[in-house]
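Have a look at the structure below before the remarks.
The values are calculated or read from the model by the stated rules, or taken from the named source; none is laboratory data. Predicted model, so just to flag it, every value in this text is computed and none were measured. Reconstructed Cβ throughout: ideal geometry from the backbone, glycine too, with neighbour counts over all protein chains shown.
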Amino acid sequence: MSHRRVGQAIAAGLVAAAAGALAWGWRRHGRGGGGAAGVEERTCECGQAFRVVGSGRHRVHWTAGAARDEAVLDGRCPACDRPLPS
């Protein structure tokens, strides 16, 4: 095998390893159906519990027990219509 082929094989292996590591991290942090790393528990003044992921304008709220595809999208508590807890 020539030096060029060896270099190409090493580069391909590194790219595959990096892709695998990214996919593993994506799943591990809850983006691909895995664990719940980075999830905070918050409660509105009315007592409605929320799961919160992210920060700033990238923060996503779910009512406690809601499915992943049932995020609260309007920025208001569904129980009392107050702004979501930050």
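Counting only residues that are of a type in the set (Gly, Ala, Ser), on the phi < 0 side of the Ramachandran plot and at pLDDT 75 or above, the stretch 10-56 holds 2 of them.
Residue count for the stretch 62-86, restricted to those that are in contact (Cβ under 8 Å) with a residue 24 or more places away in the chain and either more than 16 Å from GLY38 (Cα to Cα) or not in a loop (DSSP other than H, G, I, E, B) (or both): 7.
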